[in-house]
Structure formats: structure tokens, C-alpha cells
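Just so it is clear, none of the values below were taken in a lab; they were calculated from the coordinates. Nothing here was measured: the structure is a model prediction, and the numbers come from that model. Here Cβ is always computed from backbone atoms with ideal geometry, including for glycine, and neighbour counts include all displayed protein chains.
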Amino acid sequence: HPSMLYTLSARLLREGNGLEAAKWMYAGQLRYRFMIAALGEEAGEEHTLFSALTESVGRSVNEYIAGDPDEWIAAMEWALDWDARHHNLLTSKVEFASELAEVRSGLEGLITQVDANRQQIRETREASGLPNR
């Protein structure tokens with residue numbers, strides 16, 4: 001279940017492995033968004049849990065990883081590659097191919113956005129008192 005990838009991510013971040021934490025958080029986010037898209041209106045409780053994990057784990061991981069746009073992009077690309085190489089035992093990549101393509105496209109769009117706004121990201125973090133690496 002994608003929530004387990006968030007659990008792994010939180011542990012890795014606590015242990016000081018921020019890049020690895022980001023990789024697994026984005027893999028979990030990708031799989032969770034895909035599962036919710038495939039479930040459609042039946043996603044109720046899953047959507048609630050995903051939102052809670054995004055707030056509790058995702059916020060901390062993103063705060064860390066955004067300190068280095070190169071690492072941020074690398075983590076998201078890793079998640080896309082990992083997802084493409086591994087079967088999804090909960091949600092059929094064949095049956096829900098269009099939902100998967102849409103979710104993957106969203107993460108690819110974020111990669112493009114981060115790449116195009118590197119300096120602005122650094123300036124915003126500095127103004128907020130957050131470290132850049």
C-alpha cells in the first residue's frame with residue numbers, strides 16, 4: 001500500500017537520509033495519486049489518509065528536499081523510474097492506463113516547474129529562513 005512508502009520516507013528523514021526519504025515519498029505520492037484516480041468516487045477514506053500523509057510526512061520531506069533543486073528533481077525522476085520498473089499490485093497499470101499517464105504527467109510537470117524556477121525557489125526559501133544546500 002502506498003502509505004507504507006510514506007512510513008518508510010518518514011523513517012528515512014528521521015534518520016537523516018533526506019534524499020532517500022524524498023525518493024520514497026514521491027514514489028508513494030505517485031502510487032497513491034494513481035490509486036485514488038483509479039478508485040474515483042470510491043476513494044473516500046483513501047483520499048483522507050493520503051491528505052493526512054501529505055501534510056504530516058510530505059511537508060517535512062518537501063521542506064528538506066527543496067533546499068537543493070538538483071536533488072529535488074533527481075528524487076522525482078527516481079520515483080518515476082522506480083514506478084515504471086515495478087509492478088503495481090494494488091492498481092492495474094493496464095486497466096487504468098489513462099489515469100496513470102495523467103498522474104505521471106503531473107509529476108513530470110512539477111519537475112519542469114522546479115527546473116524553471118530554481119533561483120526563485122532559493123530566494124523564497126532564504127526569505128523564509130529555510131536553508132539552501
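Before moving on, here are some points about what is shown:
- Estimated FRET transfer efficiency (Ser98, Arg133; beta-carbon r; R0 35 Å; 0.05): 0.40
- Spatial separation of Cα centroids for the stretch 27-83 and the stretch 96-133, in angstrom: 12
- Neighbour-limited loop hits for GluC sites (Glu not before Pro), the stretch 1-70 (at most 16 other Cβ within 10 Å; DSSP other than H, G, I, E, B): Glu15
- Structure remark: mean-square fluctuation, Gaussian network model of the chain, C-alpha springs under 10 Å; the largest value among Arg14, Arg85, Arg118 belongs to Arg85.
- Length released on extending from Ser56 to His1, taking residue separation times 0.36 nm less the Cα-Cα span: 18.1 nm
- Amide proton proximity set for Asp68, modelled H, under 5 Å, gap of 5+: Arg133
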